[in-house]
Amino acid sequence: MHDLDYSEPPSLAEASRIAADLGDSARFMAGGTALMLALRQRMLRPTHLVSLSRLAPLRGIEVDAQGALRLGALILHNEVAASPIVRLHSAMLSDMAARVANPQVRNQGTLGGNLCYADPSTDPPGCLLALDARVVLASHRGVRELPMAEFLVDYFTTAIEPDELLQTIVVPAWVPGSIGRYDRFLRTAAEHRPMVNVAAVARLEGGVCVQARIVIGAAVAVTQRVGAAEDCLLGHAPSWERIEAAANAAMVSIAPLDDLRGSAAYRREMVGVQVRRTLAQLFNLTRT
Ligand SMILES: Cc1cc2nc3c(=O)[nH]c(=O)nc-3n(C[C@H](O)[C@H](O)[C@H](O)COP(=O)(O)OP(=O)(O)OC[C@H]3O[C@@H](n4cnc5c(N)ncnc54)[C@H](O)[C@@H]3O)c2cc1C
């Protein structure tokens, strides 16, 4: 690794200005779990690391007046998993966080770092997209808020500008009567990262599905909602037939990644399997 300058700015505006002045030569650092690997593998070659550790606006967990959960970007995966506030607000988010990586990474890696790095083989983006979450981006120029769908742009790419920081992740109030589930598929138990993940949130009225969000992650370059699969559920009572239709629709709606961890054909097949499993669990259906 080459020599690096290191700073710990005391304010968000100052951190943002350093990044604005230094451009590509500077990198923000939260837990460092992704960044240090990228430096060692020479995928990134910054000359200046800007630690976010002193930035109070990036910390905290609270529920606002609208009932939305507001998570500071520096929250650790383990803190998300262990927080009674998070569990009360959306248990699927707690359950997801408890399964990220391994205990070491969960104790060091932040939710904000995970989202900003935009590695497709991760868990939080899919869960947060299904929960209709938004992100608050802040810089010395001001603050803006984006839905997750606009924040996630492409393979290792988000909508964040080089001088912007992810400050807060906002998860709207849980809609009464909604049900949600997050699942991931790992090819072998020794792997930490998901090969496919599926997040689903639905609402039933009189036994009929009136709202559905189905999200596929890890198998694709950028986590995505699959509207065609959602349409298979809307207006119907949950059944095996509807689930089968949704799984088939999801399989044909995606352009799967094709790499050393798994071929596109295998990933597509496993998306079908995982959508079936997740929706069956979500709607509590068992084979008779
Ligand atoms: C062995 C291993 C297994 C893993 N398995 C999984 C897994 O199963 N599931 C999963 O979801 N993830 C997994 N991960 C990824 C892990 O979740 C991320 O590495 C971690 O969350 C990144 O957070 P960090 O705080 O360490 O980010 P850092 O490494 O500090 O930063 C990552 C990137 O984000 C930028 N950044 C960080 N915070 C901000 C911010 N607030 N605003 C703007 N930019 C910012 C940095 O500049 C950098 O480019 C794994 C990682 C490892 C090393």
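The values are calculated or read from the model by the stated rules, or taken from the named source; none is laboratory data. What you see is a predicted model; the values in this text were computed from it and never measured. Ideal geometry is used to build each Cβ from the backbone, glycine not excepted, and the neighbour counts take in all protein chains shown.
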Discussion item. Given the condition under 22 Å from the mean Cα position of the chain (by Cα) and crowded, with 18+ Cβ neighbours inside 10 Å, answer yes or no: does some residue in segment 6-24 qualify?
Written reply: no
Item to complete: Could you name every one of the strands (runs of 3 or more DSSP E) located completely within segment 156-256 that has at least 3 residues being under 30 Å from A38 (Cβ atoms) and in contact with a Leu (Cβ under 8 Å, 6 or more places away or on another chain)?
Response: 165-171
Worksheet item: Looking at R184, is it among the charged types (D, E, K, R) and within 15 Å of the ligand (Cβ to nearest atom)?
Response: yes
Practice prompt. Determine the pairs where a residue that is in the same structural domain as R203 (by TED's automatic domain parsing), located within segment 227-246, has a partner that is outside any helix (DSSP H, G or I) and of a type in the set (K, R) with Cβ atoms under 9 Å apart, the partner being 6 or more residues away or on another chain.
Written response: E230/R213; W240/R287
Discussion item. Filter segment 76-108 down to the residues that are within 13 Å of the ligand (Cβ to nearest atom), outside any helix (DSSP H, G or I) and either without any contact (Cβ under 8 Å) to a residue 40 or more places away in the chain or more than 14 Å from the chain's Cα centre (by Cα) (or both) and list them by number.
Written reply: V100, N102
Discussion item. I'm trying to understand the selection: among the residues of segment 237-258, which are exposed (fewer than 14 other Cβ atoms within 10 Å of the Cβ) and more than 11 Å from V220 (Cα to Cα)?
Written reply: A237, S239, E241, V252
Discussion item. Can you tell me which of (1) outside the structural domain of P147 (by TED's automatic domain parsing); (2) more than 7 Å from the ligand (Cβ to nearest atom); (3) under 20 Å from the mean Cα position of the chain (by Cα) is the one L39 doesn't meet?
Written reply: (3)
Discussion item. Of everything in segment 181-206, what is at pLDDT 95 or above and either loosely packed, with under 15 Cβ neighbours inside 10 Å or more than 27 Å from R261 (Cβ to Cβ) (or both)? Give them in sequence order.
Written reply: V201, A202, R203, L204, E205, G206
Discussion item. Here are the criteria: (1) more than 10 Å from the ligand (Cβ to nearest atom); (2) in a strand (DSSP E or B). Tell me which single one L49 does not satisfy.
Written reply: (1)
Worksheet item: Could you give every pair whose Cβ atoms fall below 8 Å, whose first residue belongs to segment 20-44 and is among the hydroxyl-bearing types (S, T, Y), and whose second residue is within 9 Å of the ligand (Cβ to nearest atom), counting only separations of at least 6 or pairs across chains?
Response: S25/P46; T33/V105; T33/Q108; T33/G109; T33/G113
Worksheet item: Among the listed residues A68, A73, A91, which satisfies the condition of being surrounded by fewer than 16 Cβ atoms within 10 Å (Cβ to Cβ) and either assigned by TED's automatic domain parsing to the domain that holds D132 or charged (D, E, K, R) (or both)?
Response: A91
Worksheet item: When you scan segment 149-169, how many residues do you find that are touching a helix residue (DSSP H, G or I) at 6+ places or on another chain (Cβ under 7 Å) and more than 14 Å from the ligand (Cβ to nearest atom)?
Response: 1
